[in-house]
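Let me begin by presenting the structure, written as structure tokens, before commenting on it.
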């Protein structure tokens with residue numbers, strides 16, 4: 001078991017996404033870059049070969065991302081979401097009301113956060129404010145434009 005201070009909390013779906021990206025980068029993407037380097041080498045003088053330089057740059061970026069993904073996977077701890085839990089936790093889908101409007105978002109790990117798609121980090125001010133709250137609770141979140149007052153309508 002990983003030390004909680006050293007591990008990143010992640011949902012099962014987020015962990016699978018990291019594994020899928022790693023597999024693609026180690027397989028298909030590495031092969032495409034190797035082929036591009038091979039073709040560029042066949043063109044002759046490498047010192048003035050833009051295609052070769054670009055392929056090597058892509059190779060470096062890909063290998064950096066592979067190392068990053070391997071570190072993320074190694075240091076991640078999958079949080080098991082309890083669908084019957086009444087309290088908000090990692091993986092919960094939360095339906096709220098704010099100023100008469102309703103919205104729904106999911107609480108996820110920091111590396112899965114995507115506010116534009118309503119995936120809120122458990123480490124964000126909003127995520128922290130909602131953790132362990134229940135249906136019917138009122139939650140205040142400090143925002144740049146002042147306090148936002150949410151009412152929790154449902155937790156899944």
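Remarks
- Residue check, residue 58 in contact (Cβ under 8 Å) with a residue 12 or more places away in the chain and closer than 26 Å to residue 110 by Cα: no
Residues checked against (1) touching a strand residue (DSSP E or B) at 6+ places or on another chain (Cβ under 9 Å); (2) outside the structural domain of residue 121 (by TED's automatic domain parsing); (3) at pLDDT 95 or above:
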| position | (1), (2), (3) |
| --- | --- |
| 1 | yes, yes, no |
| 22 | no, yes, yes |
| 27 | no, yes, yes |
| 48 | no, yes, no |
| 55 | no, yes, no |
| 60 | no, yes, yes |
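- Note on the stretch 132-155: among residues that are loosely packed, with under 14 Cβ neighbours inside 10 Å and part of a loop (DSSP other than H, G, I, E, B), the one that is farthest from the chain's Cα centre (by Cα) is 136.
- None of 156, 135, 95 is over 29 Å from residue 17 (Cα atoms) and in contact (Cβ under 8 Å) with a residue 40 or more places away in the chain except 135.
The values are calculated or read from the model by the stated rules, or taken from the named source; none is laboratory data. Computed from a predicted structure; not experimentally measured. Glycine also receives a Cβ, built like all others from the backbone with ideal geometry; neighbour counts cover every protein chain displayed.
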